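What follows is a short report on a single structure.
The values are calculated or read from the model by the stated rules, or taken from the named source; none is laboratory data. Note that this is a predicted model, so its numbers are computed, not measured. Cβ atoms come from the backbone with ideal geometry, glycine included; neighbour counts cover every protein chain shown. Ligands, DNA and RNA are excluded from the accessible area calculation, which covers all protein heavy atoms including side chains. Shrake-Rupley method; radii C 1.70, N 1.55, O 1.52, S 1.80 Å.
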Amino acid sequence: MASPGTDGGARAVYAHHVRALLRRQQQDDRDAIGATLSRARFRVQGVSEQTGKGRKRRAKAPANQRVVDFFIASPLTGRDRQSGGFRIPHFDVKPITRTFAPTRKDGHVRHGHKTAAMTAGGHFDYVISGATIGVAAHIDYIRRETGLQDPVGDLAIDLLDAQDLRAETNRLAMFTNVPGDRGRQRSLFEAAERYESSPRTHYLTASTAQVDGFRMFERMGIAPDWLRAMSRRLRDGREELKKKAAEAGKSFRDCEIPVAEVTEEEAFDRLAWLDAHPAGEGLFQWKQGRTGRVQHRFVGELPDGLSVHDRHEILSRFCGELGDDGWMVIGAIHQPDQHNDRRNFHIHVDGYDRPARWLDDHGCWDFEYVERRNGKDVRPFAQSKVRYDAGIGTDGMGRPDVAGLMRRRFISIVNQVASDRPDIVRYLHGTYADYGIAMTPLEHMGNRATGLERRGIVTEVGSRNARKIVVDEAAACEARAAVAEAALEKEVAFSRSVVAHDRDALAAVDRCKRLERRLIRRRLQAELADVVVAMARSRADAVIRTLTPEPGRPVKKKAGDDHLRAAALEHLAWVERHSPSLAERDAERRALAKAEARVAAEWRVVQAATQQASQDQTRRRAMTYHSRDRVKEPATPMPSRYDDRKRERLHAWLAKHAADPTLLVIEGDAVRLGQGVPIAIDTLMRQFAAERPVQHILLAERSRRSAANLAAASIHEAWTLELPLMMPADLGIDPIVAATATSEKTGDRQATPIKEVAEQSAPASVKHQPDLEEMEAAVVQPTIAEANSQARRKAARHQQALLREQAWELLRRKNAAVTAVGDQYQVDMTGLSAEDHRVLTHPDYHAEFQARLAEWHAERQQRQTDMPSITTPRRGGPRKPILPIPHVVKMPLEPPIGLRAVPALRDTGRLGKVAVLGASERAAPASPVGVVRQRDRIEGAERQIPNASPPNQEKPQSPRGVSGQLGRLAKTLGPHTDDAKSKGKAEPTVLDITGKGSHER
């Protein structure tokens, strides 16, 4: 669409007419179309303020009050929403169950509730009667078809022939697989209604938001016991739902929950008590219990133009497939009567999804027969219902989509019967959205709402449908304008690319673009004005059509019809006064024609410049496509409505693969495809290669390759001068040999210039030198595939190496057991995934894996050998290990850091002169395991700290762990000198580790 900033001063076409009509239209209708009108630059918002006298928004009438308001749109427009050779038909599937309502003991049903509108037997009669055509109905049908008021008097028909035709039509309008006469067929559906299960209980439901309402009656002291029980159950249910929502991390939302299980009589009494207390209106509601299906009702729309035999073929095939599944069905074809459209042919099918047979001995159907066995009633002859699995498709609840299956069957049968006849529309599967049809599905109105709307009475469902129709029509106008602007932008972009060097042509393109966009906008505004006029006339037009008799459709007079017709005519006259007049429409058509002439003149300038540029370009650089060799040359593709999609696919393929010389081969002005290109691309190239966009892509690619070849030739030439002896001689190319020239001044070795070499090698005896492009193509093409293969193999090897290292680290962390079996090593891989097991046991990794296992096994053996395991207690007793058995493997290979350089405490000199025992760590050997621990980092940090800290620096802390504790212990020891030796024989010093943990030892 045009941007709001362009041509903002222009006034919308018929702006004052649209504003006058919308000023009195209902606000809901105005809101429905207001957004589209605003985008088209109609001033819709604030209509009452602009016109001076504002009209207050009319309040909606109560639902039970019948109101005729011609300023509210009607859904009965008299126009087809779907046009063309395709149509999405109406097909409805409705499962029917028994309906129950709160009932008093005497059988009186509570007001506001009703049982089924039509029982199974009643609907059977409706289906049969609609298929039977009487003499009067047949004559009315002929009146509607011929337009004659008296077809018998005008000799349009012969009564005897008409009687035979009517009998044949009635015979072909029925189909059933239920045996017996009409009475027995009717009894099948009545018996199914009695047989199917009835609900064991019914429910009273309440919203969790009504907790305070129940408490109000409890505080008032008038709540009966059953109401208090319902209140407790409602509170408990609310708390449980809150708890579940909190556990799931979601916010709590009020919902309807059952608060009591009741019978029909109990529900009647409780709802009557609620009616007696107006403060509790809507406190709880009735909900029927679950019951079995007694019937399925199918309604299908038939296309116009079919013969009687064609319609019978559709009905019999559809019902026959249901019968093959096991259904018991009866179907009929209903033809239009005097109250509806003459094209309204449709089928009605009643089906019971349980196979059944009549028992002559017992005089009933097999599922009705009951026997008493073992004290229980059983039905020995009842057959199971028809079941469909998920193979037919599922609905939104995950259940088999029976309705979707039946719809697909019906549409397929109709299309097969209609064949490819051009006068019969073809039905489409799916929805509007599946086929890109911008229409909103309408709600089913029913006979009652349709009858009220025909006489101008406003209904809720009718108003909703009317707004949907208006919105769809306005959106269709806007979509057409958007498509026109997109095509304009595409054409302008291409024209600018062709005449990029012609200033006059570029100016003409810009002028043409502005004028064409203005034309598109004015056409859109005129179409939207027609939509508003049709919306304002819709209800009055529906009333006039209903009250005007036609041949074959008499009008039954009712009280007030004359006044209603006069009011409708008065409203149409008001709409006509505020609609664009014929003179105004003629003036707009002349303005449009003048603007179109200006656009055509500008386009002629653009086309002349474009054609001249295209001719020059074609004459200079046209590219010719040579089709791939085929066994049988296919026919030239014919234009079709899918050409735009084909072009998009070809352009996408060229954008992705044009740079690959193995897929798109360019030789001068000739273009061909490589062997690996699909045949479909060859077909597209044969059809569209001569078009300008494709030629532009091919020429650009040829220019790019030429530039790349020149650059490669320059690099090759420089490389030849620097390294002449590396030229391959087996290719038939004589190398350029450097010549020796003696300089008088310097005597340097110089290379002969390129010009002199060329002059010296001019004789014809020189061998032919192949083109550089041919040589590079012969060498580079296989190299590309090899390089890609090598890259993929390298990436795979790198990935395998990463996976092996991760699996190895996982083995080390799990401290898996390694055992030696002969000259091989085995490791416990319990806990590893299948992928880790596979990469570690790969045959290519076997040797390296065995080497690593051998190293790991030797490391463990060394660790166990170097570790002191037994010591003698200080005061006698049995020999004890230093550490428990589970800690042996985890014990480091070296002593604690603070004691690495100290053989024993008894060999220590004067500990009193040592600041901290941790100072000895500087002589500690490195860990042979190669694993850096936290205490190793502390030791490295201490090496960088001097013994004496500067005054302004904090004193370094003693390292943590065993060395830190021993250092603090050493500070508590007094000075030990040689003069203060104790008398007697020296005894070995042994630390007491009784009751000490591994950390303190």
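Summary of values
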quantity: Members of the range 536-550 that are charged (D, E, K, R) and within 15 Å of THR459 (Cα to Cα); calculated: ARG539
quantity: Within the range 426-439, tally of residues that are part of a loop (DSSP other than H, G, I, E, B), open to solvent by 40 Å² or more (accessible area, probe 1.4 Å) and at pLDDT 85 or above; calculated: 1
quantity: Verdict on ALA382 being closer than 29 Å to GLY85 by Cα and either assigned to a loop (DSSP other than H, G, I, E, B) or of a type in the set (A, V, I, L, M) (or both); calculated: no
quantity: Single residue of the range 577-607 satisfying the filter (of a type in the set (D, E, K, R) and either exposed (fewer than 12 other Cβ atoms within 10 Å of the Cβ) or in contact with a strand residue (DSSP E or B) (Cβ under 7 Å, 6 or more places away or on another chain) (or both)) that is nearest to ARG514 (Cα to Cα); calculated: LYS594
quantity: Residue that is in contact with a helix residue (DSSP H, G or I) (Cβ under 9 Å, 6 or more places away or on another chain) and within 30 Å of PHE298 (Cα to Cα), where the choices are GLY213, GLY180; calculated: GLY180
quantity: Candidates VAL299, VAL262 - the one that is more than 23 Å from THR201 (Cβ to Cβ), open to solvent by less than 70 Å² (accessible area, probe 1.4 Å) and among the β-branched types (Val, Ile, Thr); calculated: VAL299
quantity: Scan of the range 608-661 for residues that are open to solvent by less than 80 Å² (accessible area, probe 1.4 Å), charged (D, E, K, R) and modelled with pLDDT of 70 or more, ordered by number; calculated: ARG628, ASP643, LYS646, ARG647, ASP660
quantity: Residue check, ARG517 open to solvent by 10 Å² or more (accessible area, probe 1.4 Å), more than 24 Å from ARG24 (Cα to Cα), touching a residue at least 60 places away in the same chain (Cβ under 8 Å) and touching a Leu at 6+ places or on another chain (Cβ under 9 Å); calculated: yes
quantity: Qualifying residue in the range 547-559 (condition: of a type in the set (S, T, N, Q) and assigned to a helix (DSSP H, G or I)); calculated: no
quantity: Unmet criterion (only one of (1) modelled with pLDDT of 85 or more; (2) assigned to a helix (DSSP H, G or I); (3) touching a helix residue (DSSP H, G or I) at 6+ places or on another chain (Cβ under 7 Å)) for PRO580; calculated: (2)
quantity: Flag for PRO873 being loosely packed, with under 11 Cβ neighbours inside 10 Å and either modelled with pLDDT under 80 or not in a helix (DSSP H, G or I) (or both); calculated: no
quantity: Residues (within 17 Å of THR431 (Cβ to Cβ) and at pLDDT 90 or above) located in the range 395-408; calculated: ASP401, ALA403, GLY404, LEU405, MET406, ARG407, ARG408
quantity: Residues satisfying the stated conditions in the range 363-386, i.e. touching a residue at least 12 places away in the same chain (Cβ under 8 Å) and loosely packed, with under 13 Cβ neighbours inside 10 Å; calculated: SER384
quantity: Whichever residue in the range 406-421 is of a type in the set (D, E, K, R) and not in a helix (DSSP H, G or I) and, among such residues, is least open to solvent (accessible area, probe 1.4 Å); calculated: ARG421
quantity: Residue that is modelled with the lowest pLDDT, among those in the range 270-316 that are of a type in the set (A, V, I, L, M), more than 38 Å from the chain's Cα centre (by Cα) and more than 30 Å from ARG87 (Cβ to Cβ); calculated: ALA279
quantity: Selected residue [touching a Leu at 6+ places or on another chain (Cβ under 9 Å), closer than 20 Å to PRO95 by Cα and of a type in the set (Lys, Arg)] from ARG409, ARG354; calculated: ARG409
quantity: Residues located in the range 147-196, provided they are assigned to a helix (DSSP H, G or I), at pLDDT below 90 and farther than 26 Å from GLU313 by Cβ; calculated: LEU159, LEU160, GLU193, ARG194, TYR195
quantity: The range 243-267, residues that are in a helix (DSSP H, G or I) and either more than 22 Å from MET216 (Cα to Cα) or β-branched (Val, Ile, Thr) (or both); calculated: LYS243, LYS244, ALA245, ALA246, GLU247, GLU264, GLU265, GLU266
quantity: Subset of the range 662-685 that is open to solvent by 60 Å² or more (accessible area, probe 1.4 Å) and outside any loop (DSSP other than H, G, I, E, B) - its residue that is farthest from ARG628 (Cα to Cα); calculated: GLU667
quantity: The range 425-446, residues that are out of contact with any helix residue (DSSP H, G or I) (no Cβ under 9 Å at 6 or more places or on another chain) and farther than 20 Å from ALA32 by Cα; calculated: GLY430, THR431, TYR432, ALA433, ASP434, TYR435, GLY436
quantity: Qualifying residue in the range 213-222 (condition: open to solvent by less than 60 Å² (accessible area, probe 1.4 Å) and touching a strand residue (DSSP E or B) at 6+ places or on another chain (Cβ under 8 Å)); calculated: yes
quantity: Matching residues, the range 94-109, being open to solvent by 30 Å² or more (accessible area, probe 1.4 Å) and either in a loop (DSSP other than H, G, I, E, B) or in contact (Cβ under 8 Å) with a residue 60 or more places away in the chain (or both); calculated: LYS94, PRO95, THR97, ARG98, THR99, PHE100, ARG104, LYS105, ASP106, GLY107, HIS108
quantity: Residue that is surrounded by the most Cβ atoms within 10 Å (Cβ to Cβ), among those in the range 346-362 that are under 30 Å from THR132 (Cβ atoms) and acidic (Asp, Glu); calculated: ASP350
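Residue-wise test of (1) surrounded by fewer than 18 Cβ atoms within 10 Å (Cβ to Cβ); (2) over 29 Å from the mean Cα position of the chain (by Cα); (3) outside any helix (DSSP H, G or I).
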| position | (1), (2), (3) |
| --- | --- |
| GLY404 | yes, no, no |
| ASP423 | yes, yes, yes |
| LEU442 | yes, no, yes |
| ARG448 | yes, yes, no |
| SER463 | no, yes, no |
| CYS477 | no, no, no |
| VAL492 | yes, yes, no |
| HIS501 | yes, yes, yes |
